[in-house]
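Novice: First the structure, which I've put down as structure tokens, then a few questions once you've had a look.
The values are calculated or read from the model by the stated rules, or taken from the named source; none is laboratory data. Here the structure is a predicted model, which is why all the values come from computation and not from measurement. Every residue, glycine among them, receives a Cβ derived from its backbone with ideal geometry; neighbour counts consider all protein chains shown. Ligands, DNA and RNA are stripped out before the accessible areas are found, and what is left, the full protein with its side chains, is counted by its heavy atoms. Shrake-Rupley method; radii C 1.70, N 1.55, O 1.52, S 1.80 Å.
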Amino acid sequence: ILSADFARLGEEVRAVDKAGADWIHIDVMDGHFVPNITIGPDVVKALRPHTEKPFDVHLMIAPCDPYIEAFAKAGADQITVHAEAGPHLDRSLQLIRSFGKHAGVSLTPSTPESALEYVIDKVDHVLVMTVNPGFGGQTFIPAQLDKIRAIKKMIGSRPIHIEVDGGIHVETAPLVVEAGANALVSGSGVFSDDRYAENIKAIRDAAMRGRVAA
């Protein structure tokens, strides 16, 4: 929802729910870890009554541990922290799970997949950033496809989602799915005009082409 109209976020969340979105992805930015400031726990709490779809809360903040409880209690269903956000990634994942939430790790484009190795058995999903985090509407970084492939190999048979965020639209969706992704985050690809249902369907159909190719 980073690309949604912030003046009417509740209405926007209801609209993408109705349009067929599986999750509501909420980017939390602090102006420190990334160069932007967005949404806090109170906004997540205010949005919670507008949909029953899972809230996929992506914490682009450092430190993250002091805020995990607040987002968990505000209505997050799954919480993602960055491997780069602090020295105690394992502790952060334990904290997320202590509140009964699904735990995920995100990697910026400059972070190798090896950062996941010691926590791979403690995550429900891995979020690969295919742009530099901080702003919506950026251009997809193709070099991240090799990272997705490597993470897919690392996961093996574990029931872990590979989520991809950044520059996802009809042209890039099949590429990331073919590489191994099974959850796609799209902001401007959905909110670029008022045809939310058509945009979601187009991305989903394109992703299916990538699945066939894989």
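Novice: Specify the residue that is most open to solvent (accessible area, probe 1.4 Å); the eligible residues are those in the range 60-69 that are touching a residue at least 12 places away in the same chain (Cβ under 8 Å) and outside any strand (DSSP E or B).
Specialist: Y67
Novice: Considering only the range 40-59, how many residues are surrounded by fewer than 21 Cβ atoms within 10 Å (Cβ to Cβ) and either in contact with a Gly (Cβ under 9 Å, 6 or more places away or on another chain) or not basic (K, R) (or both)?
Specialist: 12
Novice: Considering the range 160-198 alone, what residues qualify as being among the polar types (S, T, N, Q) and open to solvent by 20 Å² or more (accessible area, probe 1.4 Å)?
Specialist: The answer is N182, S186, S188, S192.
Novice: A follow-up question, please. Give the range 26-36 a look and list any residue that's open to solvent by 20 Å² or more (accessible area, probe 1.4 Å) and either of a type outside the set (A, V, I, L, M, F, W, C) or modelled with pLDDT under 95 (or both), or say none.
Specialist: D30, G31, H32, P35, N36
Novice: So, one more: Of everything in the range 85-108 that's assigned to a loop (DSSP other than H, G, I, E, B) and without any contact (Cβ under 8 Å) to a residue 40 or more places away in the chain, which residue is nearest to T130 (Cα to Cα)?
Specialist: The selected residue is T108.
Novice: Shifting gears a bit: Among the listed residues A181, A207, which satisfies the condition of being farther than 30 Å from R8 by Cα and touching a strand residue (DSSP E or B) at 6+ places or on another chain (Cβ under 9 Å)?
Specialist: Going through A181, A207 in turn, the sole match is A181.
Novice: Can you tell me which residue within the range 1-25, out of those that are part of a loop (DSSP other than H, G, I, E, B) and open to solvent by less than 20 Å² (accessible area, probe 1.4 Å), is nearest to G134 (Cα to Cα)?
Specialist: I1
Novice: Would you point out which residue out of S106, S157, S92, S98 is out of contact with any Pro (no Cβ under 6 Å at 6 or more places or on another chain), farther than 21 Å from L2 by Cβ, open to solvent by less than 50 Å² (accessible area, probe 1.4 Å) and of a type in the set (S, T, N, Q)?
Specialist: Step by step, each of S106, S157, S92, S98 is checked, and only S92 is out of contact with any Pro (no Cβ under 6 Å at 6 or more places or on another chain), farther than 21 Å from L2 by Cβ, open to solvent by less than 50 Å² (accessible area, probe 1.4 Å) and of a type in the set (S, T, N, Q).
Novice: Can you confirm whether the range 204-213 contains a residue that is closer than 30 Å to G86 by Cβ and either among the charged types (D, E, K, R) or open to solvent by 30 Å² or more (accessible area, probe 1.4 Å) (or both)?
Specialist: Among the residues of the range 204-213, not one is closer than 30 Å to G86 by Cβ and either among the charged types (D, E, K, R) or open to solvent by 30 Å² or more (accessible area, probe 1.4 Å) (or both), which makes the answer no.
Novice: Take A72 and tell me if it is assigned to a loop (DSSP other than H, G, I, E, B), open to solvent by less than 20 Å² (accessible area, probe 1.4 Å) and modelled with pLDDT of 95 or more.
Specialist: When the stated conditions are applied, A72 does not pass them.
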